[in-house]
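Everything on this sheet refers to the single structure shown next.
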Amino acid sequence: MISILIPVYNYDCRALVRELHEQGRRLCKELAAESFAFEIIVADDASTDFEQEEQNAGLATLEHVRYLRGGENLGRARILNFLAAQARYDYCLIIDCDALVCTPDFLRRYVAERDRADVVCGELRNPEVCPRGCELRFRYEKAAMHRRPVAYREQHPYAYLSTFNVLFHRQVLLALPFDPRCTEYGYEDALMGLMLERRGYSIAHTDIPLVHNGMDRNADFLRKTETALRVLSRLGEPLQSFSALSRLSRRLSRLHLRRPFLVVYALLRPLVRRNLLSHHPWLPAFHFYKLGEYLRLG
């Protein structure tokens with residue numbers, strides 16, 4: 001019935017997999033008359049932390065769990081396509097490796113709602129306490145909480161697709177794979193949302209939650225942000241028309257303000273970075289930084 005697909009890179013996903021495994025086993029006993037079945041496929045995308053990889057590999061001893069190692073780093077889109085090709089069942093539940101299951105009926109609810117639409121999006125929750133050194137990502141995610149309620153996401157369902165916690169009909173993933181040009185961090189889910197809308201696939205949003213347990217440290221989050229901006233710049237349309245950041249950069253260019261902005265940004269950039277790497281980052285400075293870095297890409 002359900003294939004749970006978890007791409008992993010340099011992260012301990014054992015607690016996540018064991019909780020999902022336990023919930024799946026309970027459902028197998030309770031729903032046997034309905035021939036419920038599940039599998040968990042963990043695909044390691046050529047992790048460089050070999051000790052962590054070996055610990056994760058021990059998950060293969062669990063019934064219903066497959067652990068696949070990659071010799072080459074495929075990137076987010078290609079590893080998801082690989083996992084979809086490996087799946088045995090009609091529904092593919094994609095979960096980030098740094099997710100934390102926070103409800104005992106997580107899997108049961110997806111089973112109940114699996115046919116609401118071609119794609120069923122769950123909810124991302126933030127941890128209650130900010131880990132020290134992760135203040136930038138924590139504040140950024142906290143500021144995004146107003147976009148998390150189901151009622152808000154349903155107003156623009158395709159704009160809020162997230163591969164952190166989402167269920168696909170497998171045939172959708174096979175017919176419309178993730179764009180393999182997304183070899184680095186960022187925008188593979190936004191691009192998938194645009195393609196789903198163009199092809200006429202349906203999306204439903206739910207409040208089935210997972211907690212984002214793997215908050216990036218400030219420097220790591222800045223690096224990921226810079227990578228995502230390069231992806232946005234490289235992929236072009238239709239993604240750039242979808243991105244508010246890209247639309248703003250075009251507006252500045254039309255108003256002949258791009259060069260003056262970059263002059264000011266070059267002067268302030270060291271101070272802005274210092275703030276963003278501190279324990280008290282200022283979110284407006286982060287948005288200023290993103291725009292400046294994007295404009296620098298040309």
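The values are calculated or read from the model by the stated rules, or taken from the named source; none is laboratory data. No experiment lies behind these values; they were computed from the predicted model shown. Every residue, glycine as well, gets a Cβ built from its backbone with ideal geometry; the counts of neighbours run over all protein chains shown. In case anyone asks, the SASA skips ligands and DNA or RNA and just uses the protein heavy atoms, side chains included. Shrake-Rupley method; radii C 1.70, N 1.55, O 1.52, S 1.80 Å.
Based on every Cα atom in the range 193-298, Rg and the maximum pairwise Cα distance Dmax equal 16.6, 47 Å. At an R0 of 25 angstrom, the distance between the Cβ atoms of TYR185 and ARG132 translates into a FRET efficiency of 0.60. Within the chain, the longest run free of exposed loop sites, counting GluC sites (Glu not before Pro) that sit outside DSSP helix and strand states (H, G, I, E, B) and have at most 12 other Cβ atoms within 10 Å, spans 129-298. Sequence-ordered 3J(HN,Hα) estimates for the range 167-177 from the Karplus curve with 6.51, -1.76 and 1.60 and θ = phi - 60° stand at 10, 10, 5, 4, 4, 5, 5, 6, 7, 9, x Hz, glycine and proline given as x. Lacking any other cysteine beta-carbon closer than 4.7 Å, the following Cys residues of the chain have no compatible partner: CYS28, CYS92, CYS102, CYS121, CYS130, CYS134, CYS182.
Between the helical axis of 258-276 and the longest alpha-carbon principal axis of the chain there is an angle of about 60 degrees.
As a ratio to 2.2 N^0.38 Å, the alpha-carbon radius of gyration computed for the range 205-263 takes the value 1.53. The relative contact order of the range 20-87, computed from alpha carbon pairs under 8 Å that lie at least 6 residues apart in sequence, is 34 percent.
What you get for the range 197-262, charging only the Cβ of Lys and Arg (+1) and of Asp and Glu (-1), is a dipole of about 520 debye around the Cα centre.
Using 0.36 nm per residue and subtracting the Cα-Cα separation, the extra length available between ARG198 and ARG88 on full extension is 36.9 nm. Pairwise Cα distances in the range 1-98 exceed 19 Å in 38 percent of cases. For the range 78-231, count all C-alpha to C-alpha pairs, find those more than 19 Å apart, and express that count as a whole percent of the total. The proportion of pairs with Cα distances above 19 Å equals 56 percent.
Per residue, the accessible area of the range 85-223 comes to 45 Å² when a 1.4 Å probe rolls over the protein heavy atoms. Structure remark: mean-square fluctuation, Gaussian network model of the chain, C-alpha springs under 10 Å; the largest value among THR227, THR103, THR183 belongs to THR103.
Here the accessible area is traced with a 1.4 Å probe on the protein chains. For the range 22-93, carbon and sulfur cover 46 percent of it.
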